[in-house]
Amino acid sequence: MTQEKFNQIYHRATERKGGELNLEQRLTIPLNNKQLTLIPDHRWLAEFTQKVFQCGIRWQVVRNKWPAFEAAFFEFDIEKMGLMPTEMWERKAQDATIIRDLKKVMTIPENANMIHRAALEYGSFSAMVADWPEQNIIGLWLYLKKQGCRLGGKTGAYSLRGLGKDTFLLTPDIEAYLRHTHIIDGGRDTLKSLHAAQNAFNDWQQQSGRSLTQISQIIAFSVGDNRV
């Protein structure tokens, strides 16, 4: 059980955000399973790639160059990614229109292969993501970390949220809250901490009937410096 009930968290968030209506307008509605299955698999590769490149630099820098990324990598077509030889990837990494980083560029074929393998097993990568139970969303995080390239830590979770999969995030505000309430006390990405966080969010979900996404956002709005 969590130390603080969800209605207490929600009440504090409404006070900080100027009332219930203002808070509710800030919340995101995740996609349902049917909507998730309609996402083409190449969009997952694009999302993973964008988040990988955003690590360590200002996100807007990557966003500004993103049309060039889409052009350089054939809109992340999974089949085409699998046909490109190593020397072509090396040339792509020197393209001045994108961010020149060979190690990050080489995550693209690795993650394309992960998506392709999942599609062979589940029909599509999107189908696998859609069917993955939110009550074990950390299992999907760990899948991306193990099977993909540079998708551990926050990158995988942010990618899932970016395309609408229901997931909580361990942002600095949320991590600080979980530590303050003694839900986690070790490394953020240890199995112990991840399971403790998942159990807490599952508990709040049972109390509120809300998505993990909205619970995560409400906690973030209830603490930290993000006042009205």
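Values computed for the structure shown
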read-out: Residue in the stretch 57-68 that is of a type in the set (Phe, Trp, Tyr) and buried (at least 20 other Cβ atoms within 10 Å of the Cβ) present; value: no
read-out: Verdict on ARG63 being part of a helix (DSSP H, G or I), basic (Lys, Arg) and more than 30 Å from ALA13 (Cβ to Cβ); value: no
read-out: Residue under evaluation ARG150, criteria (1) surrounded by 14 or more Cβ atoms within 10 Å (Cβ to Cβ); (2) under 23 Å from LEU31 (Cα atoms), criterion not met; value: (2)
read-out: Tally, over the stretch 116-152, of residues that are among the small types (Gly, Ala, Ser), in contact with a Phe, Trp or Tyr (Cβ under 9 Å, 6 or more places away or on another chain) and not in a helix (DSSP H, G or I); value: 2
read-out: Residue that is least open to solvent (accessible area, probe 1.4 Å), among those in the stretch 11-29 that are modelled with pLDDT of 95 or more and in contact with a Leu (Cβ under 8 Å, 6 or more places away or on another chain); value: ALA13
read-out: Residue under evaluation PRO172, criteria (1) over 15 Å from the mean Cα position of the chain (by Cα); (2) open to solvent by 40 Å² or more (accessible area, probe 1.4 Å); (3) over 14 Å from TRP141 (Cα atoms), criterion not met; value: (1)
read-out: Verdict on ILE99 being surrounded by 15 or more Cβ atoms within 10 Å (Cβ to Cβ), outside any helix (DSSP H, G or I) and among the aliphatic types (A, V, I, L, M); value: yes
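The values are calculated or read from the model by the stated rules, or taken from the named source; none is laboratory data. Owing to the predicted nature of the structure, the values given are computational and were not obtained by experimental measurement. Positions of Cβ are generated from backbone atoms using ideal geometry, with glycine treated the same way; all protein chains shown enter the neighbour counts. Heads up: the accessible areas ignore ligands, DNA and RNA and are worked out on the full protein's heavy atoms, side chains in. Shrake-Rupley method; radii C 1.70, N 1.55, O 1.52, S 1.80 Å.
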